[in-house]
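Student: There's a structure below that I have some questions on.
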Amino acid sequence: MVSNLRIVIFASLDNQSNQIRFERGDFSTLVRSVIEKSHKPFDQIKQINFIDNTSNGIAICDSHLFERILQNLVINALKYSKSQVEVIFSQSQKFFELSVADDGPGIEDEYKEKIFESFVRVQHNQDYKGFGLGLAIAKKLVEIHSGTLHVERSHLGGALFIVRWPTNLK
């Protein structure tokens, strides 16, 4: 059921631009809420740390859309990590940045661009159900925020997903 819902959400993304509401809000609380909800099935076996490197935890975004982005990145990190996930929120003068790191197998170089395409799944991910839409949806939602989403190797040894969006959204 959830996977079918993802297909519908993905198909409707292009029609959401007139419903976007960029508002200044408490992003740290949003992140903590998503972590708390997402972490419940993994409570006993996975550790997740949130670090807010901003002075006030405030960001400009569509909180409903960013909740979807966060859910996807945090749940993926928890699924594929061995034991540890780290979420960091920071801000420079021009950009907000959210990074989600894990200590899992990471993403091989050959898949670092492909994983953001619809219906693409990495070989070692076949143990988990899904259609390969989660990261494609997340990337599209980040682009609606005039931002970028990419993956690198994490200092924890697994994947590091970095979301960057401008501080001057209107």
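The values are calculated or read from the model by the stated rules, or taken from the named source; none is laboratory data. Being a predicted model, the structure only gives us computed values, none of them experimental. Note that we place each Cβ from the backbone using ideal geometry, even for glycine, and neighbour counts take in every protein chain shown. Keep in mind that these areas ignore ligands, DNA and RNA; they rest on the heavy atoms of the full protein, side chains included. Shrake-Rupley method; radii C 1.70, N 1.55, O 1.52, S 1.80 Å.
Student: Going through the stretch 22-35 one residue at a time, which ones are open to solvent by 30 Å² or more (accessible area, probe 1.4 Å) and over 20 Å from Ser55 (Cβ atoms)?
Tutor: Listed by number, the residues that qualify are Phe22, Ser33.
Student: Conditions: (1) assigned to a helix (DSSP H, G or I); (2) at pLDDT 90 or above. Arg21 meets all but one. Number of the miss?
Tutor: All conditions pass for Arg21, except number (1).
Student: What's the number of the condition Lys46 fails, among (1) at pLDDT 95 or above; (2) within 22 Å of Phe161 (Cβ to Cβ)?
Tutor: The number of the failed condition is (1).
Student: Separate question: Taking the stretch 36-68, which residues are open to solvent by 20 Å² or more (accessible area, probe 1.4 Å) and part of a helix (DSSP H, G or I)?
Tutor: Glu36, Lys37, His39, Lys40, Pro41, Phe42, Ser63, His64, Glu67, Arg68, listed by residue number.
Student: Got a number for residues in the stretch 56-75 being of a type outside the set (A, V, I, L, M, F, W, C) and touching a strand residue (DSSP E or B) at 6+ places or on another chain (Cβ under 8 Å)?
Tutor: 3
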